[in-house]
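Every read-out reported here was derived from the displayed coordinates using simple, explicitly stated rules and does not represent laboratory data. Not measured: the values here are computed from a predicted model. Here Cβ is always computed from backbone atoms with ideal geometry, including for glycine, and neighbour counts include all displayed protein chains.
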Amino acid sequence: MALSASKLKVGDVHTARLVEDLKRTQIVQYAGASGDYNPLHTDEVFTTKVAGYPSVFAHGMLTMGMTGKMLTDYVGDARLTKYGVRFTNQVWPGDTLDSTATVKAVTEKDGVKVVELDVATVNQNGVVVVSGYAEARVDD
Amino acid sequence: MAAKHFPVEASHILMFARSVGDDNPVYSDAEAAKKTEAGGIIAPPTFAQSGAQFDPDYGLRPKIGQPWFGSGKEPTGIKREPGGGGRGGGGGGGGLHAEQHFEYHRHLKPGDVLTATTSPGKTWERESARAGKLVFSESVTEYRDQNGELVITARGVGVRTERPIDAKS
């Protein structure tokens, strides 16, 4: 199910819904798996009373991880060569996220065909929460 | 992040994949994964970040017998400005993750034993209407496998804000 360079066109788009109504428990689950126990993500008392935010919010890396599923579902297993993002806005419990990969270029590096993708994840208000790029090996 | 011994294990990969909502069997089912191009279970693309579990000095994990800045009886267990190293958060403004970049030389699989070494990169500042003065700092982490081969190069950027960020509606 890998992508073929010959079938990809600049501007091709792949989209996926990452999460609907993000739950605090999923954020806790990510804290446990990743080892990042920053109370800003799991401790409502600390985050509202000490840090001054309206509620806990997701780890940027949780959104990057969920966005990674959109990418690997598109390009196939073990195909990614680069993946990077900027965290442009916070993700809150209750958010619904949709993610898009857009083909920016299809090139060849060291004899291997690669697709370069623009990556963006937006919330239910259309605000971009993650913006970045990825690169993956594709078939001829 | 610095970890001398970061064993990549199937159960950890399973838990990590669940936490990011990824039910791809290549992360959990050895038989199904064998039939994929990966040839066996691999780790999801952002898994390397969980090497924090194996960093003895990681500041965002409560440590046995040591104070913790999260809430208990009081909203915070530490009165001074918390942070605890790395991109620690909390306090009036605190530290947040601004950027993360990965370059994959190959994908991780159960049985790999990694070392992670981090070196500091650039630092820079910027004024922001939403959060006041922002101080950015970059770090580059190299993950090497049991054979000393570089498998993942990661670049992270942390930001400390002068005050909590105003959320965009």
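Size descriptors for chain A: radius of gyration and Dmax over Cα atoms are 16.8, 56 Å. In this rough spin-label picture, where each label sits 7 Å from Cα along the Cβ direction, the residue A:110-residue B:73 distance is 5.9 nm.
Estimated from the Cβ-Cβ distance and a Förster radius of 30 angstrom, the FRET efficiency linking residue A:128 and residue B:147 is about 0.15. Taking 1.567 mPa s as the viscosity and 4 °C as the temperature, the Stokes-Einstein diffusion coefficient of the protein assembly as shown based on its alpha-carbon Kirkwood radius rounds to 65 µm²/s. Determine ³J(HN,Hα), in whole Hz, for all residues of the range A:87-104 in sequence, where each value follows from phi through the Karplus function 6.51 cos²θ - 1.76 cosθ + 1.60 and θ = phi - 60°; x replaces Gly and Pro. Working through the residues one at a time gives 8, 9, 8, 6, 10, 10, x, x, 5, 10, 10, 10, 10, 9, 10, 10, 5, 9 Hz. The label-point distance for residue B:126 and residue B:63, in a model that sets each label 7 Å from Cα toward Cβ, rounds to 3.3 nm.
Residues in the range A:11-18 carry Karplus couplings, in order, of x, 4, 10, 10, 10, 7, 7, 8 Hz; the curve used is 6.51 cos²θ - 1.76 cosθ + 1.60 with θ = phi - 60°, and Gly or Pro positions show x. With a threshold of 23 Å on the Cα-Cα distance, the over-threshold entries among B:63/B:122; A:23/A:49; A:9/B:34; A:69/B:34 are B:63/B:122; A:9/B:34. For chain B, the Cα gyration tensor yields ellipsoid semi-axes of 32, 19, 17 Å (square root of five times each eigenvalue, largest first, whole Å).
Simple point charges give the picture: +1 on the Cβ of Lys and Arg, -1 on the Cβ of Asp and Glu, and for the protein assembly as shown a dipole about the Cα centre of about 680 debye. Summing Cβ point charges (Lys, Arg +1; Asp, Glu -1) relative to the Cα centre of chain A gives a dipole of roughly 100 debye.
Computed from the C-beta positions of residue A:100 and residue B:106, the FRET efficiency with R₀ = 25 Å rounds to 0.40.
Basic side chains Lys and Arg get +1 at the Cβ, acidic Asp and Glu get -1 at the Cβ, and with that the dipole of the range A:18-67 about its Cα centre reaches some 80 debye.
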